[in-house]
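What follows is a single structure, written as C-alpha cells, with notes after it.
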Amino acid sequence: MASPYPDGDREKVASKLPSVLQQQLKVRAAELTLDIQDAVEAAITTWRATERPAFEVDTAGAKSFSTWLPPGLYEDFKATCTSRGVSYIQGLAQSIRDWLDANPSPQHGTRTTEPERKIVGNQKGGVGKTAVSAGIGQAYAEAGKRVLIVDFDPQGHLSEQLGVPQIEPDHDSLVSHMCGEGSGDLRDLVVTIEGERFGKRLNVLPACFDGFLLDAKIAVVGTQKRGFQKEAALEMALRPLEDDYDVIIIDCPPSLGIAMDAALY
C-alpha cells in the first residue's frame, strides 16, 4: 500500500519486517547518521541491482513496518520480487539484511577504550543472576555490540541455557589460565552463539568443572608465586580477549569468596 508524501517527492510504503531487522536497522541508521528512509532506499536499490541469489531470511512473526520511498521505487521493487519468485516481505528482509552486512557498525574495529564490564553477582543462588547475564548479553548483541559472556559459575547454568557444553575437568579452561597453567589460547575456548538476531556477535566462555576448586587453587598459587595477586587473576586471564569485544559480562557463582573478589576487582 502506498500513499502520497506531502511534498510529492516520496510516497509512504507499508509492509512487514522481522522485529530483529527493524531494531538493527534503527540502530545502524543512527550510528551512520542516516534517516531510516534513506537506508531502506539504498537497501532496496542495491538489492535490485544485485543478481546473485540472496540468502533467505526467516520472516516468521514479521511485524508492520512503514517508511517513505521515492515514487515508483516500491512498484519496481515488487516487480523484481515477482521476477525472483519471492514475496514482498522476503524481498524487503533480504534487502535490509544485505544492507546491514554491507554497512557494519562504525564502532567495530575502531574502539580505542576498554570494553564495558558487567559483573552480575549475589551470594545467594536462585536470584536470577544467570537470567540477567544472558538477557543483558543478548540485548547488547542485538544492538550491534560484540559481546562475551563469561560463565564464571561452575554450576554452568548459563552454558546449559545457551546450549554450550561445560569444559571437562583437567582441560584447558578459564580456571587454568587464572592459575597460570593455561596450555593454549583462551580464544579457542570461546563459543559463538548462532542466531540471525545476534549476527555472530554473542559469544560465551563456557563454565568448567574445575571452577569448584578455584578458591583452593588460587590460594595455593598465591603461596607459590611471588607477586601473584589472586584478586587480579580473572582480569589478567581475560586481558588477551578484551580487544575482541565491546562488552564483557561475568556471570558469577553464588559466593563471597575469591571468585567474587576477582570478578569485582
Across the alpha-carbon set of the stretch 74-215, Rg over Rh with Rh taken as the Kirkwood radius works out to 1.12
Once Lys and Arg are counted +1 and Asp and Glu -1 for all other residues with Cβ under 9 Å from that of I258, the total becomes -2
Residues other than S66 with Cβ under 10 Å of its Cβ, Lys/Arg counted +1 and Asp/Glu -1, net out at +2
Taking every DSSP bridge whose two residues both lie in the chain, the antiparallel percent to the nearest 5 is 45 percent
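Which net charge results when you count Lys and Arg as +1 and Asp and Glu as -1 among the other residues whose beta-carbon is under 11 Å from that of S19? Don't skip to the end; give the middle numbers.
Details: positive: K16, K26, K63, R197; negative: E142.
With Lys, Arg at +1 and Asp, Glu at -1, the net is +3.
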Between the alpha carbon centres of the stretch 121-189 and the stretch 13-83 the gap in Å comes to 36 Å
Computed over the chain, the convex hull of the Cα set has an average projected area, in nm², of 17.0 nm²
Number of Lys pairs in the chain closer than 21 Å at Cα, excluding neighbours under 8 places apart unless interchain, is 18
The convex hull of the Cα atoms of the stretch 2-102, divided by residue count, gives a volume in Å³ per residue of 94 Å³
Length gained if E31 through R117 is fully extended, taking 0.36 nm per residue and subtracting the Cα-Cα distance, is 28.8 nm
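Values quoted throughout were computed directly from the atomic coordinates according to the rules given, and no laboratory measurement underlies them. Note that this is a predicted model, so its numbers are computed, not measured. Using ideal geometry, Cβ is built from the backbone for each residue, glycine included, and neighbour counts are taken over all protein chains shown.
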